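The values are calculated or read from the model by the stated rules, or taken from the named source; none is laboratory data. Just so it is clear, the structure is predicted and the values come from calculations on it, not from any experiment. Cβ atoms come from the backbone with ideal geometry, glycine included; neighbour counts cover every protein chain shown. Surface accessibility is based on the protein's heavy atoms, side chains included, excluding ligands, DNA and RNA. Shrake-Rupley method; radii C 1.70, N 1.55, O 1.52, S 1.80 Å.
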Amino acid sequence: MTLNDLLTYLSNHPESVVLYFAILPVAALLLAWIAGVEGRDAPWKFLYSALIYLSAVPGIFALSLNVYIFLFERSSILNMDIYTQVLPIVSMILTLSIVRRNVDLSYIPGFDKLSGLLMLIAATIGLMWLVDRTRIFAIISMPFSVVVLIFAGLLLALSFGYRQFFGRGYSRTRN
């Protein structure tokens, strides 16, 4: 089964997809109602973390897939599949906004890792788009392993620059 086969199957059988992505914001609302002001304390922050990951991983995947389809495949926006390309992003945005309204995201375990993953994916897609648009591969003939090493070096430089600019090395005290 290919990824295209899986996405086609999910779009042809949308019941489970719609149910999954509808439950996440509702669960965030329910958790906010139950936890109240204690949302930043254990065990509530771990439940918020699970909700964030359950919504953000498919949402980030759908967002990355959409960017790839529109930048590299040059597909029309009219061909978007609502269930697999739009619904995960909407559910992620709703869930994150509900959680953010009830608890500061700096108290959620692993949220900084998720934003780092998003930055890494954005940097990778940006570099791929830059290489695609400049046609660098047509001008230079070098082994593929050298291209991979250059790409990894650029990602490391972006990561280092991001940490230096936004100060990832500091420690925060939480009350």
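Table for the structure above
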{"quantity": "All-pairs Cα distance distribution in segment 1-71, expressed in whole percent, bin size 5 Å", "calculated": "3, 14, 17, 21, 16, 12, 8, 7, 3, 0"}
{"quantity": "Solvent exposure ordering (accessible area, 1.4 Å, most first) of Leu30, Leu149", "calculated": "Leu149, Leu30"}
{"quantity": "Trp129 versus Ser145: modelled label distance in nm, points set 7 Å from Cα along the beta carbon direction", "calculated": "3.2"}
{"quantity": "Separation in nanometres of the label points that stand 7 Å from Cα toward Cβ, at Ala42 and Phe160", "calculated": "3.7"}
{"quantity": "Trp44, Trp33, Trp129, ranked by accessible area, largest first (probe 1.4 Å)", "calculated": "Trp33, Trp129, Trp44"}
{"quantity": "Label-point separation in nm, Ser64 to Asp112, each point 7 Å along Cα→Cβ", "calculated": "2.2"}
{"quantity": "For the chain, accessible area per residue (1.4 Å probe, heavy atoms of protein chains only), Å²", "calculated": "66"}
{"quantity": "D (Stokes-Einstein, µm²/s), Kirkwood Cα radius, the chain, 1.567 mPa s at 4 °C", "calculated": "69"}
{"quantity": "Cα gyration tensor shape of segment 39-83, rounded if a/c is under 1.5, else prolate or oblate by comparing a/b with b/c", "calculated": "prolate"}
{"quantity": "Accessible surface of segment 1-138 [probe 1.4 Å, protein heavy atoms]: carbon and sulfur percent", "calculated": "71"}
{"quantity": "For the chain, built as a Gaussian network whose Cα springs stay under 10 Å, the top-fluctuating residue of Tyr107, Tyr162, Tyr53", "calculated": "Tyr162"}
